[in-house]
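Single-structure report; data block below.
The values are calculated or read from the model by the stated rules, or taken from the named source; none is laboratory data. Because the structure is predicted, anything quoted here is derived from the model rather than measured. With ideal geometry, Cβ positions are generated from the backbone for all residues, glycine too; neighbour counts draw on all protein chains shown.
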Amino acid sequence: MAGISLHDLISTLIVILFLLVMFIAWLMGKNKKMPPYANPEGYERIDELMHRSSEEGKALLMGLGEGFSGLNGSLGDQTSLMVQRILMSRSVFNDQPAQSYSGDGALACISQMIVHGAYDKAMAVELFRPEHNQLTGLSGLSWMAGLLPELARSDNTGLVLAGSLRPESLIITDMAERKEIPVVAATGDISGQAALFASGAPVLLGEDYYLPAIGDINQASYQHSARVLNLFRILLAAGLLLAAFLKLSGVLP
């Protein structure tokens, strides 16, 4: 019988550690005195823009990014579709429904199916208008060129950028700020996040990028997963510091 290898032992310890952290996070969640995590600013701003759009009778714009074009094929690119589904479900009967703009043909087709599904679920298919969900270009730059003129309209209540965004998306946020249109950005692209930091728009980072797609940040599943991730960050940081100390002291080769 072959002995247990070092890799198998390490894998087993990692699994045990993961289960232990999940159990600790579950116990922490049972503690009623522990306050829940606060909502990120970007998440609150998206919810605020949806309410303003309904109350003021103005349109809420949504830029879905480049979608599936080029090398942008990660899971994060589909987050814009989930955000759009939630926005549309809450603005079906608004005076001015939410309007979305895509930079990819496949993304635009799927996006239009989501919008049609929102109206069908609300039993108001007659209110569906294909022009409220447009393909503005087949690349990142042409998509931005098609979105910029829409920001000049006076009946806009805000802009939500979600999906795969280039650093050049800073042009969009700059135009929105000039027109005094509130902007919220959620992108998984690191270069896009770095560029959007230069704007005044709230930017959702890390796992917060997926929060607008959840629909309810205060649900127990999110709070539990957030505690697990935070505990793992602490353990990972402590492990790296310990490994660096052992390396410098000559204990590790």
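Quick one: is Leu71 buried (at least 19 other Cβ atoms within 10 Å of the Cβ), assigned by TED's automatic domain parsing to the domain that holds Asn156 and at pLDDT below 85?
On the way: buried (at least 19 other Cβ atoms within 10 Å of the Cβ): no; assigned by TED's automatic domain parsing to the domain that holds Asn156: yes; at pLDDT below 85: yes.
For Leu71, the condition - buried (at least 19 other Cβ atoms within 10 Å of the Cβ), assigned by TED's automatic domain parsing to the domain that holds Asn156 and at pLDDT below 85 - is not met.
In the range 1-27, what residues are part of a helix (DSSP H, G or I) and modelled with pLDDT under 70? If you could, list the steps in order and put the result at the bottom.
As a first pass, look at the range 1-27 and keep what is part of a helix (DSSP H, G or I): 6-27.
Correct list: Leu6 only.
Residues to consider are Ser111, Ser142, Ser102; find the one that is out of contact with any Asp or Glu (no Cβ under 8 Å at 6 or more places or on another chain), modelled with pLDDT under 85 and of a type in the set (Ser, Thr, Tyr).
Going through Ser111, Ser142, Ser102 in turn, the sole match is Ser142.
Go over the candidates Leu87, Leu107, Leu161 one by one and state the one that is aliphatic (A, V, I, L, M), without any contact (Cβ under 8 Å) to a residue 60 or more places away in the chain, surrounded by 21 or more Cβ atoms within 10 Å (Cβ to Cβ) and out of contact with any helix residue (DSSP H, G or I) (no Cβ under 6 Å at 6 or more places or on another chain). Write out each step before concluding.
On the way: Leu87 fails: without any contact (Cβ under 8 Å) to a residue 60 or more places away in the chain; Leu161 fails: without any contact (Cβ under 8 Å) to a residue 60 or more places away in the chain.
Answer to the selection: Leu107.
List the helices (runs of 4 or more DSSP H) inside the range 72-162, counting only whole elements, that have at least 2 residues being among the polar types (S, T, N, Q) and under 21 Å from Val203 (Cβ atoms).
Numbers: elements: 79-89, 105-121, 140-147.
The helices (runs of 4 or more DSSP H) meeting that bar are 79-89.
Is one or more of the residues making up the range 145-158 out of contact with any strand residue (DSSP E or B) (no Cβ under 6 Å at 6 or more places or on another chain), surrounded by 18 or more Cβ atoms within 10 Å (Cβ to Cβ), free of Cβ contacts under 8 Å to residues at least 60 places away in the same chain and over 19 Å from Arg52 (Cβ atoms)?
no
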